[in-house]
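Take a look at the structure below.
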Amino acid sequence: MLLEKGADVNAEGGVYGSALQAAALEDNEEVVKMLLKKGADVNAQGGLVNSALQAAAYKGDKEIVEMLLEKGADVNAQGGLLSNTLQAAALGSEDEVVKILLEKGA
């Protein structure tokens, strides 16, 4: 794997912003877990959706949302096409994710 060969887990750029954001947007829970274990910045910003938490909230992936929040993701981060995490969740996901975010202070 690229990370084993020295690739930067927090490299940024492109539409997704970072590998963690791409994995969250693609609902890939196993890759999200692996990247977090390797030290991915849970609050990295960039790309269209601005953060991994916004991506997971938009997709309605409760497990990834909870995983990112447990690792310290900023529930109120601003930016990107979807503006903030709560708006991303309201636009694209089910009510349960919105409730989780509100409980965490969004």
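Just so you know, all these numbers are worked out from the coordinates, no wet-lab data involved. Only a predicted model underlies this, so the values are computations on that prediction, with no experimental measurement involved. Positions of Cβ are generated from backbone atoms using ideal geometry, with glycine treated the same way; all protein chains shown enter the neighbour counts.
Here is a yes/no grid of residues against (1) of a type in the set (Asp, Glu); (2) crowded, with 23+ Cβ neighbours inside 10 Å:
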site	(1), (2)
Leu35	no, yes
Lys38	no, no
Gly60	no, no
Glu66	yes, no
Ala77	no, no
Val98	no, no
Sort through Gly105, Gly79, Gly72 and tell me the only one that's at positive phi and in contact with a strand residue (DSSP E or B) (Cβ under 7 Å, 6 or more places away or on another chain). Gly79
Only one of Leu86, Leu48 is surrounded by fewer than 23 Cβ atoms within 10 Å (Cβ to Cβ) and within 16 Å of Ala19 (Cβ to Cβ). Can you tell me which? Leu48
